[in-house]
Amino acid sequence: MAVLVTGGAGYIGSHMVLALLDADFEVVVLDDLSTGFDWLVHPEAALVRGDVADAALVRGIVERYDIEAVVHFAARIVVPESVIDPLGYYHANTAKSRAFLEALIAAGVRQIIFSSTAAVYGMVGCDPVHEDAALAPISPYGRSKLMTEWMLLDAAMAHPLKYVALRYFNVAGADPAGRAGQSTRAATHLIKVAAEAALGKRAGLDIFGTDYPTPDGTCLRDYIHVTDLVAAHLDALRYLRTGGASRVLNCGYGWGYSVREVVDTVKRVSGIDFPVRICPRRVGDPPAIVAGAQCIRSDLGWSPKLADLDVIVAHALSWERQLGERNRM
Ligand code: UFG
């Protein structure tokens, strides 16, 4: 069975490609390489450089490779950037997804897995947030993804289409075998930034806010290993193939760590101390966001294997070291 992965040259997409190949699927990647890297795509996958909104291209790929299911990652993903360039985000994430969806439906694709985000919830309390919580995204990024969830909902009622939208919490870590990892330049995500600081790739790390209503005053997040995250997509694919109904599911572990705990873990696991500055809050950060994580386990049978912050950090560090060597080549 052939699966099309959009954004397969990016961080999460490249791990999805590995998981699909490991499970003996045929894989085609569609990526415009605007933020992804061709060298991150495993050579056993076919890589098509292009735009998800190019209907003729999408139709051609579906026909040529006999694509049965699609995993749609391609998107812009930096929340603060979406505040500065909202229309760019609505174009890249919403308008292009609309065109993509139309082309897929026209080409007869019936199974779609969509990469959504916890940002659809907005400001929530310290308790785990469940799928039926109010949706009140506070960023154009969150709204751009929520609109695509709604397009999927409506399209699945009008067409013979089933989908699973997975709302990611804080994805981190790298392939345990060192085949892929987060390679984005100028990354903003905490574990990536901390790993770079530990390895001397940046002068230190800024903690954005220590006066939140959380146990140690810094923000709480539900960090999920990228390999567990992509395993959930494989489970979703199997679920749809065996006739499962469309679902929208949180993808997180159900417990959180504070920024300080993450920073301490990176220092301990790496054995390297690095400078940390206490800075004002970053605009738009919710104090805490932790997944209500029961539904994905019961509906998809998802069973995470790497749910341990030390492991996530160790794999992130290991990839960061490897990336340094690659950059020096
Ligand atoms: N942080 C720092 N210093 C840094 C980087 C991050 O203190 O250098 C803090 C942030 O302020 C935040 C926490 O670490 O409190 C996590 O920040 P990230 O940037 O790693 O991740 P976010 O929680 O902001 O974003 C994640 C996903 C988004 C998603 C969002 C939903 O990456 O895609 O959760 O809440 F939209």
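A short reminder: the numbers here are calculations on the coordinates, not readings from a lab. If you're wondering where the values come from, they're calculated on a predicted model, not measured in any experiment. Using ideal geometry, Cβ is built from the backbone for each residue, glycine included, and neighbour counts are taken over all protein chains shown.
Data overview
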read-out: Convex hull volume per residue for the chain, taking Cα atoms only, in Å³; value: 123
read-out: Percent antiparallel among DSSP beta bridges (both partners in the stretch 180-329, rounded to 5); value: 25
read-out: Under 5 Å, built H, 5+ apart or other chain: amide partners of Gly122; value: Ala136, Ile138
read-out: Cα lying deepest toward the dipole's positive end in the stretch 251-329, options Cys295, Ser270, Leu306, charges on Cβ; value: Ser270
read-out: Long pairs among Lys192/Lys267; Lys201/Lys267; Lys145/Lys305, criterion Cα-Cα beyond 18 Å; value: Lys145/Lys305
read-out: DSSP beta bridge pairing in the chain, given as percent antiparallel to the nearest 5; value: 5
read-out: Inter-label distance for Cys126 and His91, nm, one decimal - labels placed 7 Å from Cα along Cα-to-Cβ; value: 4.3
read-out: Cβ-defined net charge surrounding Pro280, 13 Å radius [Lys, Arg +1; Asp, Glu -1]; value: 0
read-out: Vicinal HN-Hα couplings computed from phi for the stretch 93-106 (Karplus, 6.51 cos²θ - 1.76 cosθ + 1.60; Hz; Gly/Pro x); value: 9, 9, 4, 5, 5, 4, 5, 5, 4, 4, 5, 5, 5, 4
read-out: Nonlocal amide H pairs with Leu220, under 5 Å, H built at 1.01 Å; value: Ala288, Ile289
read-out: Cβ-Cβ FRET estimate between Arg241 and Arg282, R0 fixed at 51 Å, reported to 0.05; value: 0.80
read-out: Under Karplus coefficients 6.51, -1.76 and 1.60, residue-wise ³J(HN,Hα) of the stretch 279-290 in Hz, glycine/proline x; value: 10, x, 4, 8, 4, x, 7, x, x, 8, 8, 10
read-out: Value at 222 nm in deg cm²/dmol, rounded to 500, when DSSP H runs of n ≥ 4 in the chain each add -39,500 (n - 2.57); value: -12000 deg cm²/dmol
read-out: Rg and Dmax of the stretch 270-329, Cα atoms only, in Å; value: 17.4, 46
read-out: Amide H partners (placed H, <5 Å) of Val164, local residues excluded; value: Ile112, Ile113, Phe114, Arg247
